[in-house]
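The values are calculated or read from the model by the stated rules, or taken from the named source; none is laboratory data. All of these numbers come straight from a predicted model, not from anything done at the bench. Side chains are part of the model used for accessible areas, which takes the heavy atoms of the whole protein and leaves out ligands, DNA and RNA. Shrake-Rupley method; radii C 1.70, N 1.55, O 1.52, S 1.80 Å.
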Amino acid sequence: MAKRDYYEVLGVNRDADDEAIKKAFRKLAMKHHPDRNHGNPEAESLFKEAKEAYEILSDAQKRAAYDRFGHAGVDPSAGAGAGFGGRGFENFADAFGDIFSDIFGGGRGRSSVHRGADLRYNLEITLEQAARGTETKIRIPTAETCAACSGSGAKTGTKSQTCPTCEGHGQVRMQQGFFSIQQTCPRCHGSGKYIADPCATCDGAGRVKAHKTLSVRIPPGVDEGDRIRLAGEGEPGARGGAAGDLYVQIHVRPHPVFTREHDDLHCEMPVSFVTAALGGEIEIPTLDGSAKIKIPTETQSGKVFRLRGKGVKGVRSSGPGDLFCHVMIETPVNLTARQKELLREFESITQEDSARHNPRAKSWMDRVREFFTP
């Protein structure tokens with residue numbers, strides 16, 4: 001199988017400079033490195049292909065030969081030699097050392113100062129609080145400087161010592177074949193200091209677990225799943241690093257009357273059989289108080305009444321949504337003998353002209369007959 005063009009392998013133009021070639025190789029190596037793609041022969045093949053292309057194009061002499069003669073110009077059997085050696089190897093080791101740093105967590109000159117992790121707090125509120133906004137207090141776990149050792153992590157009367165493993169550098173060098181790789185010292189975790197006699201209160205961490213109370217302002221219109229960011233209120237950073245952020249995740253408690261859909265509210269409105277037939281007026285609740293709705297005569301179950309502006313004004317909305325009231329005609333229960341007698345009499349009178357009084361039922365029965373008639 002013919003080899004692909006080295007410039008095509010790295011995805012760079014033929015006039016690309018050394019930095020662009022190095023950057024392209026790093027990107028491919030990070031993506032296809034075998035340690036990140038266990039058991040993937042295709043990734044391994046792509047990694048080797050990128051490595052070979054970089055070995056040639058990072059060496060000025062070999063690149064010139066390749067540009068002039070193609071693969072034949074750098075074929076070892078033709079005397080050019082595409083193996084390790086010279087400036088090409090130095091460039092390759094330099095780029096590959098950086099890649100190992102990214103993969104294995106080492107790195108030259110990498111700071112031991114770390115930003116604290118972001119935290120999440122689940123906050124449950126009512127629909128009314130979500131619609132109108134509110135302010136509440138939350139209590140969250142945190143870490144504070146250990147009073148016993150003043151944050152040093154060492155037992156009172158003692159102090160930290162230079163780490164014997166890395167000799168205070170915070171990093172150690174490992175030799176892997178051709179490559180020399182730097183990574184964070186496993187004993188002092190990059191600090192360069194070693195605590196021989198740790199503080200009993202914080203166990204050498206310099207911090208102890210604690211709790212703090214924060215005030216959280218909930219803006220009007222928040223919805224289920226919205227997040228409120230409290231900058232710097234997350235986990236404290238290590239060795240003087242910045243604290244992470246706290247994200248308050250909003251959960252809206254189910255409401256006994258309303259359900260929310262974006263900025264609109266929906267509710268089911270029970271209407272008596274008599275009111276639906278003869279019409280009337282009923283009172284319904286809204287988030288702003290009660291409202292009255294006129295029920296026209298002969299109202300059917302499922303009819304929806306819309307009250308404009310009685311929904312919720314979302315955080316990013318220009319105006320409030322609407323309230324949709326869904327009619328549910330309620331069948332009377334626990335009837336007395338007299339009520340049942342009147343209903344039977346009513347049914348008998350209605351059946352005398354069923355098409356007039358129950359047009360939907362007649363239409364449905366006609367469709368049923370047509371369905372079963374061959």
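Considering only protein heavy atoms, what per residue accessible area in square angstrom results for the stretch 208-297 with a 1.4 angstrom probe? Don't jump to the answer; show the numbers that get you there.
Details: 5020 Å² over 90 residues.
Solvent-accessible surface per residue comes out at 56 Å².
Return a whole-number percent for the relative contact order of the stretch 178-257, with Cα pairs under 8 Å and 6 or more residues apart as the contact set.
Contact order relative to length: 19 percent.
What are the aspartates and glutamates whose alpha-carbon lies under 12 Å from the alpha-carbon of K193, with same-chain residues fewer than 8 places away excluded?
K193 reaches E167.
With all protein chains present, how much of the accessible area of the stretch 259-315 (probe radius 1.4 Å) comes from carbon and sulfur, to the nearest whole percent?
On the way: 1710 of 3480 Å².
Using a 1.4 Å probe with all protein chains present, the stretch 259-315 comes out at 49 percent carbon and sulfur.
Name the long-range amide H neighbours of L119: under 5 Å, sequence gap of 5 or more, or other chain; modelled H, no Pro or chain starts.
Residues meeting the criterion, in which the H sits 1.01 Å from N, are E235, D245, L246, Y247.
Residues of the stretch 1-50: accessible area per residue at 1.4 Å, in Å²? Could you put the intermediate results ahead of the total?
Numbers: 3420 Å² over 50 residues.
Value returned for the stretch 1-50: 68 Å² of accessible area per residue.
Can you pick out the pairs among K292/K340; K155/K209; K23/K51; K155/K212 whose Cα atoms lie more than 23 Å from each other?
K292/K340; K155/K212
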